[in-house]
1. Give the residues of region 65-89 that are among the charged types (D, E, K, R), outside any strand (DSSP E or B) and touching a residue at least 24 places away in the same chain (Cβ under 8 Å), sorted by residue number.
2. I need the full set of residues from region 41-75 which are among the β-branched types (Val, Ile, Thr) and either surrounded by fewer than 18 Cβ atoms within 10 Å (Cβ to Cβ) or on the phi > 0 side of the Ramachandran plot (or both), in order please.
3. Quick check on my filter: what residues within region 146-184 are closer than 30 Å to Ala94 by Cα and among the hydroxyl-bearing types (Ser, Thr, Tyr)?
4. Just checking, does region 50-61 include any residue being of a type in the set (Asp, Glu) and not in a loop (DSSP other than H, G, I, E, B)?
5. Here is a list of conditions, (1) under 17 Å from the mean Cα position of the chain (by Cα); (2) among the hydrophobic types (A, V, I, L, M, F, W, C); (3) surrounded by fewer than 18 Cβ atoms within 10 Å (Cβ to Cβ), and Ala94 meets all of them except one; can you say which number that is?
6. Mind checking which residues of region 61-93 are closer than 20 Å to Gly11 by Cβ and among the hydrophobic types (A, V, I, L, M, F, W, C)?
7. It is to be established whether one or more residues within region 177-187 are within 10 Å of the chain's Cα centre (by Cα) and touching a residue at least 40 places away in the same chain (Cβ under 8 Å).
8. Return the total of residues in region 24-36 being at pLDDT below 95 and in a strand (DSSP E or B).
Amino acid sequence: MALLVLTACGGAMVINPEKNAVDFTIEGGEEKVDVKADGTWNVKECPEWVTAEIQDSILVIKTARNETGAVREGDIVLAGKGQVQAAIKVTQAAKCTRINPETDKVEFEKEGGTQTVKIDTDGSPQVEAPEGFTATYAGGVLTINAPSNEGGGKSGEIKLTSDDQSATIAVTQKGNICPKCNGTGKVKCSKCHGRGKVSYGGDAEWGCTKCGGRGYYGEGMEYGDYIVKGSGKMKCPQCGGSGH
């Protein structure tokens with residue numbers, strides 16, 4: 001039931017609220033409206049899902065979360081002397097209409113830590129974080145945590161959903177181990193694709209020289225004599241072979 005806090009009856013011949021409409025999100029909240037008047041005034045009418053309180057010359061309007069599934073609308077009517085009145089239209093949304101993160105990418109060093117992202121939304125998004133990260137939403141701010149990472153680099157997406165709205169934020173963290181070679185310092189040879197030998201048409205195969213093979217090194221030699229295979233591995237271009 002709406003709470004009406006009334007001033008003394010009658011008085012004002014002019015009632016002029018600073019705004020004649022107030023919009024609330026599905027979550028509800030509080031809005032303050034300054035009311036200019038030349039005398040006393042009171043709240044004559046108020047929707048049952050709205051609380052209206054008079055604090056000096058300020059009308060404080062409050063609503064709770066809209067659980068009805070439908071948009072709510074109503075008028076707060078202010079009354080002065082005689083027939084003098086003013087109305088403020090109050091509307092409350094039935095569902096979330098937007099989720100807009102201020103960034104779509106967050107990066108952590110291997111030491112980890114906490115970062116925050118402002119979220120422009122009129123709902124209360126549910127948050128799903130990838131393995132190795134935690135994320136919580138409150139009051140328009142998404143807080144993301146990453147512990148210290150001694151393994152390989154990590155990456156994933158944080159998903160925010162509310163009603164039929166959604167948004168994602170890519171999150172990555174550097175590791176103590178090179179993510180390209182998983183700490184081995186070696187990757188598959190780009191020339192032979194890990195085979196250790198290269199085909200040159202027909203049945204001819206030469207040892208891959210890029211990963212340590214000897215290739216073709218003598219005319220008239222038997223097939224098994226001159227195919228000296230490479231390892232199929234080459235130095236990782238990302239870490240330079242260090243594994244870190």
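1. Of everything in region 65-89, those that are among the charged types (D, E, K, R), outside any strand (DSSP E or B) and touching a residue at least 24 places away in the same chain (Cβ under 8 Å) turn out to be Arg65, Lys81.
2. Ile58, Val60, Thr68, Val71
3. Thr161, Ser162, Ser166, Thr168
4. From region 50-61, those of a type in the set (Asp, Glu) are 53, 56; that's our starting set.
Next, only the ones that are not in a loop (DSSP other than H, G, I, E, B) stay: 53.
The answer is yes; a qualifying residue exists.
5. That leaves (1) as the condition not met.
6. Ile76, Val77, Leu78, Ala79, Val84, Ala86, Ala87, Ile88
7. Looking through region 177-187, none of the residues is within 10 Å of the chain's Cα centre (by Cα) and touching a residue at least 40 places away in the same chain (Cβ under 8 Å).
8. First, the residues of region 24-36 that are at pLDDT below 95: 24-29.
So of that shortlist, the ones also in a strand (DSSP E or B) come out as 24, 29.
Result for region 24-36: 2.
The values are calculated or read from the model by the stated rules, or taken from the named source; none is laboratory data. Since the structure is predicted, the reported quantities are computational estimates derived from the model, not experimental observations. Positions of Cβ are generated from backbone atoms using ideal geometry, with glycine treated the same way; all protein chains shown enter the neighbour counts.
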